[in-house]
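Novice: My questions will all concern the structure given below.
The values are calculated or read from the model by the stated rules, or taken from the named source; none is laboratory data. Treat the numbers as computed from the prediction; the structure is a model and nothing was measured. All Cβ positions, even for glycine, are placed from backbone atoms using ideal geometry, and neighbour counts span all protein chains on display.
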Amino acid sequence: MGRVSKKTARNSGRHTGKTGTRHSDGRRAVELLCMLVEHITDLAIYAVDPRATILSWNAGAEHATGFSADEMIGGSIERLYTPQDLASNAPAREFEQAMSAGRFEGDGWRMRKDHSHFWARIVVTALRNSKDVLEGFGIVVQDLTAQREVERQQYEHALQLAARDAARLEAEERARELADLVHQISAQATELERRRLEADSASRAKADFLATMSHELLTPLNAIGGYASLLVMGLRGPLTAEQRADVDRIRASQLQLLGMINDLLNFSRIESGHLAFTVDDVVLSEVVREVAETMAPQVSAHRLIEERIGCSDTVVARADREKVEQILVNLMSNAVKYTAPGGRLTWSCAATGNRARLTLRDTGQGIPPDRLADIFEPFVQVGRGFARPVEGAGLGLAISRDLARAMGGDLTVESTPNAGSAFTLDLPRALPPSPRDSL
Ligand code: ADP
């Protein structure tokens, strides 16, 4: 019996029957049992003496650890423990528990001959003789590495499923949040559209009101002008010098009011989109010349100098000529109004790429930088509310810029307080006909 030490073989026969037959039956049973244990391969079964020297080593132990019976019997069990378990004195603890409780049971790592580890269920049973003297320990070790691996895989699989579930839940949550957001945005868009329609209709109502009011005001105003003219012409009899001066003042005020009402009418027409444009090639120098001639009396009354630079006939815009004229009249009236006597008004023209530009520069009071954007808003007059030295409704620039933009252009300003301002009208350029056109 190469797998059992001689001492163990002797001991195993000690508890058999008393009579010869029973004795031999008992020995036979023990032998069979030993054979069974010896040949079991699923479980590592071995016995050690009280000093933990290995006494027996079955086929299962050889299978599980790779150590043969010859290598192990008579040797120490320490080779089966991991360095950590040895350091923590695990073998002694297991045997002590087996001694005190009769049995130790636990899971842990065990070492193979090739230094690999296997996960094992270990049962250590204290073996005592009839006088209760400890003879040794029986140890059964089950290799659970494969089972543990299956459990680990099941655990990982469960983890993956949980992670996938969590991701799915998160995606669903995100989708819900997104749907909420879309819902909110579309509600806001609807609300914005409603407000826009409301604002549009309010703006139309305002423009209609302005148009009606202006028309209503024009009739009596024209009557005032007409009757004042009759008086000036002496058709109602001769006027004294004082009366004539008063009628002149009435006439001047009437003209001023007329200008403001015309501004209002224009503005309301642009705002309500009722203005028609007749676009044609416009030679800017011609419009400048005409406007300058019309305004010449005011320019000389204010003792200003008017000059033109680079306004050749080649600078041609695509625009509505009347509207360009209206814009230039407004720019020039402002330049006259806001430039002190002795100042200079300079027109300049330029054509670059597909743009035609016209600039009117004055040496007047200028505009504070923080008001530059405001002056194009309707009814804005810089310095309004304080001493206002000049008349006007604050609509001229608003109208002019609207007109410029409606023609695909723009009206901009550069200014330095107390040095002057430069207003630039930018318009689409009428490109000269290509040689092919003239063929
Ligand atoms: P109005 O001349 O009737 O007040 P505008 O819309 O034409 O209205 O001009 C708005 C404001 O812009 C004016 O009140 C004035 O303060 C300022 N402004 C316009 N042109 C000039 C200029 N050439 N120099 C200085 N300020 C100007």
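Novice: If you scan the stretch 87-112, which residues turn out to be touching a His at 6+ places or on another chain (Cβ under 8 Å) and either exposed (fewer than 14 other Cβ atoms within 10 Å of the Cβ) or of a type outside the set (Lys, Arg) (or both)?
Specialist: The answer is Trp109, Met111.
Novice: Turning to a different aspect of this structure: Restricting to the stretch 316-343, name every residue that is within 12 Å of the ligand (Cβ to nearest atom) and assigned to a loop (DSSP other than H, G, I, E, B).
Specialist: Residues satisfying the conditions are Tyr338, Thr339, Ala340, Gly343.
Novice: Let me ask you something else. Take the residues in the stretch 181-229 that are among the hydroxyl-bearing types (Ser, Thr, Tyr) and surrounded by 11 or more Cβ atoms within 10 Å (Cβ to Cβ); name whichever of them is nearest to Arg244 (Cα to Cα).
Specialist: That would be Ser229.
Novice: Is it the case that some residue within the stretch 120-131 is among the β-branched types (Val, Ile, Thr), more than 16 Å from Ser56 (Cα to Cα) and out of contact with any strand residue (DSSP E or B) (no Cβ under 7 Å at 6 or more places or on another chain)?
Specialist: Taking every residue of the stretch 120-131 in turn, none turns out to be among the β-branched types (Val, Ile, Thr), more than 16 Å from Ser56 (Cα to Cα) and out of contact with any strand residue (DSSP E or B) (no Cβ under 7 Å at 6 or more places or on another chain).
Novice: Among the numbered criteria (1) within 30 Å of Ile250 (Cβ to Cβ); (2) modelled with pLDDT of 95 or more; (3) polar (S, T, N, Q), which one does Ser214 miss?
Specialist: For Ser214, the exception is condition (2).
Novice: While we're here: Quick check: anything in the stretch 62-75 assigned by TED's automatic domain parsing to the domain that holds His115, in contact with a Gly (Cβ under 9 Å, 6 or more places away or on another chain) and either of a type in the set (D, E, K, R) or not in a loop (DSSP other than H, G, I, E, B) (or both)?
Specialist: yes
Novice: On to the next question. Mind telling me which of the residues Ser312, Ser300, Ser285 ends up being of a type in the set (Ser, Thr, Tyr), more than 15 Å from the ligand (Cβ to nearest atom), without any contact (Cβ under 8 Å) to a residue 24 or more places away in the chain and not assigned by TED's automatic domain parsing to the domain that holds Ala228?
Specialist: Ser300
Novice: Taking the stretch 25-48 as the region of interest, how many residues are of a type in the set (A, V, I, L, M) and free of Cβ contacts under 8 Å to residues at least 24 places away in the same chain?
Specialist: 8
Novice: Taking Ala276, is it closer than 30 Å to Arg429 by Cβ and either among the β-branched types (Val, Ile, Thr) or outside any helix (DSSP H, G or I) (or both)?
Specialist: Against the criterion (closer than 30 Å to Arg429 by Cβ and either among the β-branched types (Val, Ile, Thr) or outside any helix (DSSP H, G or I) (or both)), Ala276 qualifies.
Novice: Out of all the residues in the stretch 279-315, which are surrounded by 15 or more Cβ atoms within 10 Å (Cβ to Cβ) and in a loop (DSSP other than H, G, I, E, B)?
Specialist: Val279, His302, Leu304, Cys311, Val315
Table: residues versus (1) modelled with pLDDT of 95 or more; (2) over 22 Å from Arg148 (Cβ atoms); (3) over 60 Å from the mean Cα position of the chain (by Cα).
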residue: Thr41; (1), (2), (3): no, no, yes
residue: Val48; (1), (2), (3): yes, yes, yes
residue: Trp57; (1), (2), (3): yes, yes, yes
residue: Gly66; (1), (2), (3): yes, no, yes
residue: Met72; (1), (2), (3): yes, yes, yes
residue: Ser76; (1), (2), (3): no, yes, yes
residue: Ala87; (1), (2), (3): yes, yes, no
residue: Gly102; (1), (2), (3): no, yes, yes
residue: Lys113; (1), (2), (3): yes, no, yes
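Novice: Would you mind stating whether Leu265 is of a type in the set (A, V, I, L, M), in a helix (DSSP H, G or I) and within 16 Å of the ligand (Cβ to nearest atom)?
Specialist: Criteria met by Leu265.
Novice: Follow-up. Say whether the condition of being out of contact with any strand residue (DSSP E or B) (no Cβ under 7 Å at 6 or more places or on another chain), of a type in the set (Gly, Ala, Ser) and either part of a helix (DSSP H, G or I) or within 13 Å of the ligand (Cβ to nearest atom) (or both) is met by at least one residue in the stretch 367-376.
Specialist: Looking for residues that are out of contact with any strand residue (DSSP E or B) (no Cβ under 7 Å at 6 or more places or on another chain), of a type in the set (Gly, Ala, Ser) and either part of a helix (DSSP H, G or I) or within 13 Å of the ligand (Cβ to nearest atom) (or both), one finds at least one in the stretch 367-376, hence yes.
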